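The values are calculated or read from the model by the stated rules, or taken from the named source; none is laboratory data. Here the structure is a predicted model, which means the values were calculated and not measured. When we count neighbours, we look across all protein chains shown, and the Cβ atoms used for this are built from the backbone with ideal geometry, even at glycine. SASA here: full protein model, heavy atoms, side chains in, ligands and nucleic acids out. Shrake-Rupley method; radii C 1.70, N 1.55, O 1.52, S 1.80 Å.
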Amino acid sequence: NAGVMQNPRHLVRRRGQEARLRCSPMKGHSHVYWYRQLPEEGLKFMVYLQKENIIDESGMPKERFSAEFPKEGPSILRIQQVVRGDSAAYFCASFPGLAGSYEQYFGPGTRLTVT
Amino acid sequence: AQSVTQLDSQVPVFEEAPVELRCNYSSSVSVYLFWYVQYPNQGLQLLLKYLSGSTLVESINGFEAEFNKSQTSFHLRKPSVHISDTAEYFCAVSDSGGFKTIFGAGTRLFVKA
């Protein structure tokens, strides 16, 4: 029973480049969350997606950040024109989306470093 | 709106000593409460959860938390910690649908020999 997979685990980008972070949820899970974790700042919600739908993007910066969860394939968090302040650990979590199931299952994270 | 406050950012403790990690929440509706643990360079894992029923919930590795509605708290306790409990612990609150979860800032537990 494969867990949530994220790749790459580590990503180094120069300022101005694009970063693409991938998340494959657990089998049978149709909901994905993305979080950003900065040192000493805890876990911040970014976006909540269901397949082919963005349910809640209230935590996403208005510019340069986008997310998708296509019908087939992994969820993608895309950061365009990265800046040093984007350096952080990005976690995705999957959720079955069924009534009464409240636990989120987290991937190991992608650590983005912008140089 | 829901919010979660973890009162201690770091808690150093000696091995075999008891520990309490504090968590307070605010919500205008019924809530579901969670503690997640994050070991170094890993994602978060669910430690325990309160959905309904008994206000005292336990994990398989000796942690327990008590839901206190009047004090809006969900403190995590362990009577005797091990070195391997060194990790970051996150308290979280979810709405009744379970679709929106708010995490606290985390408490770093450091167990010393």
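Of the residues B:LEU51, B:LEU44, B:LEU76, which is of a type outside the set (S, T, N, Q), modelled with pLDDT under 90 and surrounded by 13 or more Cβ atoms within 10 Å (Cβ to Cβ)? Steps first, please.
Working: B:LEU44 fails: modelled with pLDDT under 90; B:LEU76 fails: modelled with pLDDT under 90.
It is B:LEU51.
Among the residues of the range B:31-38, are any in a loop (DSSP other than H, G, I, E, B), free of Cβ contacts under 8 Å to residues at least 60 places away in the same chain and in contact with a strand residue (DSSP E or B) (Cβ under 7 Å, 6 or more places away or on another chain)?
Initial filter on the range B:31-38 (in a loop (DSSP other than H, G, I, E, B)): B:31.
Now restrict to residues that are free of Cβ contacts under 8 Å to residues at least 60 places away in the same chain: none.
No, the range B:31-38 has no match at all.
Among the residues of the range B:13-41, count how many are hydroxyl-bearing (Ser, Thr, Tyr), surrounded by 14 or more Cβ atoms within 10 Å (Cβ to Cβ) and out of contact with any Gly (no Cβ under 8 Å at 6 or more places or on another chain). Write out each step before concluding.
Narrowing the range B:13-41 to residues hydroxyl-bearing (Ser, Thr, Tyr): B:25-28, B:30, B:32, B:36, B:39.
With the extra rule that they be surrounded by 14 or more Cβ atoms within 10 Å (Cβ to Cβ), the set shrinks to B:25, B:27, B:32, B:36.
With the extra rule that they be out of contact with any Gly (no Cβ under 8 Å at 6 or more places or on another chain), the set shrinks to B:25, B:27, B:36.
Adding up the residues that qualify gives 3.
If you scan the range A:25-56, which residues turn out to be in contact (Cβ under 8 Å) with a residue 60 or more places away in the chain and more than 18 Å from A:VAL82 (Cβ to Cβ)? Show your work before the answer.
Step one: of the range A:25-56, the residues in contact (Cβ under 8 Å) with a residue 60 or more places away in the chain are A:25-26, A:28-33, A:37.
Answer for the range A:25-56, where residues must be in contact (Cβ under 8 Å) with a residue 60 or more places away in the chain and more than 18 Å from A:VAL82 (Cβ to Cβ): A:PRO25, A:MET26, A:GLY28, A:HIS29, A:SER30, A:HIS31, A:VAL32, A:TYR33.
Within the range A:10-54, track down each residue that is part of a loop (DSSP other than H, G, I, E, B) and either modelled with pLDDT under 95 or crowded, with 16+ Cβ neighbours inside 10 Å (or both). Spell out how you get there, then give the answer.
So the first thing to find is which residues in the range A:10-54 are part of a loop (DSSP other than H, G, I, E, B), and the list is A:14-18, A:25-30, A:39-41, A:51-52.
Across the range A:10-54, the qualifying residues are A:PRO25, A:MET26, A:LYS27, A:GLY28, A:HIS29, A:SER30, A:PRO39, A:GLU40, A:GLU41, A:LYS51, A:GLU52.
Anything in the range B:61-87 that is in a strand (DSSP E or B) and not basic (Lys, Arg)? List them, or say none. Step through it out loud before you land on a result.
We begin by selecting, within the range B:61-87, every residue in a strand (DSSP E or B); these are B:64-68, B:73-78, B:87.
Once the filter is applied, which keeps residues that are in a strand (DSSP E or B) and not basic (Lys, Arg), the range B:61-87 yields B:GLU64, B:ALA65, B:GLU66, B:PHE67, B:ASN68, B:SER73, B:PHE74, B:HIS75, B:LEU76, B:ALA87.
Tell me which residues, restricted to the range A:62-110, are within 11 Å of chain B (Cβ to nearest Cβ), in a strand (DSSP E or B) and open to solvent by 50 Å² or more (accessible area, probe 1.4 Å).
Residue satisfying the conditions is A:TYR105 alone.
Identify all residues within the range B:88-111 that are open to solvent by 10 Å² or more (accessible area, probe 1.4 Å), closer than 16 Å to B:GLN10 by Cβ and not in a loop (DSSP other than H, G, I, E, B); write none if there are none.
First, the residues of the range B:88-111 that are open to solvent by 10 Å² or more (accessible area, probe 1.4 Å): B:88, B:95-97, B:99-100, B:102-103, B:105, B:108, B:110.
After this cut, where a residue has to be closer than 16 Å to B:GLN10 by Cβ as well, the list is B:88, B:105, B:108, B:110.
Within the range B:88-111, B:GLU88, B:ARG108, B:PHE110 qualify.
Identify all residues within the range B:16-44 that are under 21 Å from B:SER80 (Cβ atoms) and within 14 Å of another protein chain (Cβ to nearest Cβ); write none if there are none. Before you say what the answer is, go through the steps one by one.
Restricting attention to the range B:16-44, the residues satisfying the condition of being under 21 Å from B:SER80 (Cβ atoms) are B:16-23, B:35, B:37, B:39.
Scanning the range B:16-44 gives B:LEU21, B:CYS23, B:TRP35, B:VAL37, B:TYR39.
Within the range B:52-67, work out how many residues are in contact (Cβ under 8 Å) with a residue 12 or more places away in the chain, under 22 Å from B:SER26 (Cβ atoms) and hydrophobic (A, V, I, L, M, F, W, C).
Qualifying residue count for the region: 2.
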